[in-house]
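*Asks:* If you scroll down you'll find the structure; I have some questions about it.
The values are calculated or read from the model by the stated rules, or taken from the named source; none is laboratory data. The structure displayed is predicted, hence computed values, not measured ones. For neighbour counting, all protein chains shown are included, and Cβ atoms are generated from backbone atoms with ideal geometry for every residue, glycine included. For the accessible areas, the whole protein counts, side chains as well, though only heavy atoms, and no ligand, DNA or RNA atoms are used. Shrake-Rupley method; radii C 1.70, N 1.55, O 1.52, S 1.80 Å.
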Amino acid sequence: MNEAMLIAGQRVGARESFDVVDPATGKVFASAPDCSEEQLETAIEAAARAFIPWSRDLGARRRVLVACAEKVRAHAEELGRLICREQGRPLPKAIGEVMGAARWFEHTAGLDLPVEVIRDDDAMHVSVHRRPLGVVAGIAPWNYPVISAVWKIAPALLAGNSMVLKPSPFTPIATLRLGALLQDVIPAGVLTIVSGGDALGRALAAHPAIRKVSLTGSVEAGKSVAGAAAADLKRVTLELGGNDAAIVLDDVQPEAIADRLFWGAFQNTGQVCCAIKRLYVHEDVYEPVKAALIARIAAARIGNGFDDGIDLGPISTAPQWTRVQELAEDARRAGGTLHGEAALPEAGGYFLAPQLVTGLDDSARLVAEEQFGPLLPILSFRDEAEVLARANAGHFGLSGSVWSGRPERAAELAGAMDCGTVWVNQHLALMPIAPVGGHKWSGIGVENGSWGLATYTDLQTISVAKA
């Protein structure tokens, strides 16, 4: 299987290519073009030419985004199958990702780019406008390849920019296919999709014609992009890692929340930036919560995402598979016990069972670092001041959640958490109307909603003398 890049409205290959592996088998199933320096220059030049006419007609941009939504929705199963093959998620959830991408296109198409009048009197009329930046770059991750790309494409294009997007080299195929589907929907050069490795990402971030870089990825990748962008004073949006804490208070019903905690932690086999990665449970309900979660984990169905009835697929990449196993061994050496191992496929692939880990303190690597896999440390606490200090410790601050039989009690505690999003009695409740962004090392700027749209614009004040 091969897919082409989208450059200047045309599908093009490259002299070199790289392999793409199916994580359910560990075998190569496709190749993707490795964009050359010359092709990147051609792509950026075409994007720069397309920018001016594209930036002039907001109504046309809205219509294009609606057409993108319709095209994506019509090809949801096709794109979902590609996501399942290259990323590993169960097919219904992969198709759900694509349907979510269509929803994001539609919602973004209806967002406002308001003109604010800040003075209007006999002497002067002063208004503030939002203007597009020019050519912007997006660098998407491997865990949600299509919807993460659309989180960048939709607001960038509505604001009037042209975009050059690079998917992860682990999961380029579905995104390249997305480009082919949108080839006749979006004017030539307005959207470019190129594929390649880390060097291509660095070249995008450093290119003088690129005015903004939006990255979803690791903290290390974010620091690299920010450094490359700083020399040219580019704007950046960085949605980086998380080590989300969930706080379970003493008035919960353990059986009632076990399934929601399971999916909050193990959705996409734990490969979600804002999944639960540390579970703090009040000592009065610690044992029943632990027992309910172990029972739910043991019942999880793990396998190839194309098989019926699967809850969780494999880890998506070989390096991540190795890292999560290393963290499990480190947890054992630190005195941790792993519980609730579910049945795994008999052979092949990067499969790991979801497990609850007890016996660790906050200094253990599995608690202090972002594991990005199906391991969940569970820790007890005694009072709210203590658990808040523990939850807020460290460099990360992406999201978190508080669980209680009284939502108003949980909401009060939620406001004291040092992170960009806090959920009450739920986790991973993402929606296009709400901004997503991190505190501390978890990011700079936000995506989604009117706040995310604004990051693809510069402010311009127009002051008109009346006399």
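*Asks:* Across bins of 10 angstrom width beginning at 0, how are the C-alpha pair distances of the stretch 245-342 distributed, in whole percent?
*Replies:* P(r) for the stretch 245-342, in whole percents per bin: 14, 43, 35, 8, 0.
*Asks:* When all protein chains stay in place, what accessible area (Å², nearest 10, 1.4 Å probe) is found for Trp263?
*Replies:* Trp263 has an accessible surface of roughly 50 Å² with all protein chains in place.
*Asks:* Moving on to the next point. Say R0 is 56 Å: what FRET efficiency, to the nearest 0.05, do Asp361 and Ala60 get from their beta-carbon distance? Before the final figure, lay out the partial values.
*Replies:* Working: r = 58 Å, r/R0 = 1.03.
Here the calculated transfer efficiency is 0.45.
*Asks:* Still on this model: Quick one: putting +1 on the C-beta of Lys and Arg, -1 on the C-beta of Asp and Glu, what dipole do you get for the stretch 311-373 around its Cα centre, in Debye to the nearest 20?
*Replies:* Using only the charged Cβ atoms, the result is roughly 100 debye.
*Asks:* I'd like the orientation of helix 145-158 relative to the chain: the angle between its Cα long axis and the longest Cα principal axis, in ° from 0 to 90, rounded to 10.
*Replies:* Here the helix axis deviates by roughly 30 degrees.
*Asks:* Summing -39500 (n - 2.57) over the DSSP H runs of n ≥ 4 in the chain and dividing by its residue number, what mean residue ellipticity at 222 nm do you reach, to the nearest 500 deg cm²/dmol?
*Replies:* Calculated at 222 nm, the ellipticity per residue is -12000 deg cm²/dmol.
*Asks:* Which of rounded, prolate or oblate describes the chain when judged by the alpha-carbon gyration tensor and an a/c cut-off of 1.5?
*Replies:* oblate
*Asks:* How high is the relative contact order of the stretch 146-262, in percent, counting Cα pairs under 8 Å that sit 6 or more residues apart?
*Replies:* 19
*Asks:* Here's something else I'd like to know. From the square roots a ≥ b ≥ c of the eigenvalues of the alpha-carbon gyration tensor of the stretch 29-84, which class results: rounded (a/c under 1.5), prolate (a/b over b/c), or oblate?
*Replies:* On the way: a/c = 5.92, a/b = 1.09, b/c = 5.42.
The shape class here is oblate.
*Asks:* Averaged per residue, what accessible area in Å² does the stretch 228-271 show with a 1.4 Å probe, protein chains only?
*Replies:* Here the per-residue accessible area is 32 Å².
*Asks:* Right, here's the next one. What order, most packed first, do the peptides 364-372, 153-161 have when packing is the mean number of other Cβ atoms within 10 Å of each residue? Walk me through the numbers before you get to the answer.
*Replies:* Values: 364-372: 21.3, 153-161: 27.1.
Going from most to least packed, we get 153-161, 364-372.
*Asks:* What is the set of long-range amide H partners of Thr237 at a cut-off below 5 Å, with H atoms built 1.01 Å from backbone N?
*Replies:* When sequence neighbours closer than 5 places are left aside, the close amide H contacts are Val213, Ser214, Leu215.
*Asks:* Would you list Thr269, Thr461 from the most to the least accessible area, probe 1.4 Å?
*Replies:* I get Thr461, Thr269, largest accessible area first.
*Asks:* Using a 1.4 angstrom probe with every protein chain in place, what is the largest-first accessible-area order of Thr25, Thr455?
*Replies:* Sorted by accessible area, descending: Thr25, Thr455.
*Asks:* Quantify, in whole percent, the carbon and sulfur part of the accessible surface of the stretch 93-200 (1.4 Å probe; protein heavy atoms only).
*Replies:* Accessible surface attributable to carbon and sulfur in the stretch 93-200 totals 51 percent.
*Asks:* Taking the Cα centre of the stretch 13-59 as the origin, how large is its charge dipole in debye, to the nearest 20, when only Lys and Arg (+1) and Asp and Glu (-1) carry charge on their Cβ atoms?
*Replies:* 200
*Asks:* Another question, then. Compute the relative contact order of the stretch 275-344 as a whole-number percentage, counting only Cα pairs closer than 8 Å that sit 6 or more residues apart in sequence.
*Replies:* Here the relative contact order equals 33 percent.
*Asks:* How far, in degrees from 0 to 90, does helix 318-333 lean away from the longest principal axis of the Cα atoms of the chain, to the nearest 10?
*Replies:* 30
*Asks:* Defining a contact as two alpha carbons under 8 Å apart and six or more residues distant in sequence, what relative contact order in percent does the chain show?
*Replies:* 18
*Asks:* Right, next: Please work out the FRET efficiency for the pair Ala295 and Ala434, using the Cβ-Cβ distance as r and a Förster radius of 30 Å; give the result to the nearest 0.05.
*Replies:* Efficiency at R0 = 30 Å is approximately 0.40.
*Asks:* Additional query: Expressed as an acute angle from 0 to 90° and rounded to the nearest 10, what is the orientation of the C-alpha long axis of helix 76-87 relative to the principal long axis of the chain?
*Replies:* 60
*Asks:* Quickly work out the Asp112-to-Arg131 label distance, labels modelled 7 Å from Cα along the C-beta direction, and quote it in nm with one decimal.
*Replies:* 2.2
*Asks:* OK, next. What are the residues whose amide H is under 5 Å from the amide H of Gly420, where those residues sit 5 or more places off or on another chain and H is modelled from the backbone?
*Replies:* Close amide H contacts, sequence-distant or interchain: Leu398, Ser399, His439.
*Asks:* Compare the peptides 312-325, 118-131, 282-295 by average per-residue count of other Cβ atoms within 10 angstrom and give them in order, highest first.
*Replies:* 312-325, 282-295, 118-131
*Asks:* Still on this model: Sorted by packing (mean other beta-carbon atoms within 10 Å per residue), highest first, where do 51-63, 178-190 land?
*Replies:* Top to bottom by mean Cβ count within 10 Å: 178-190, 51-63.
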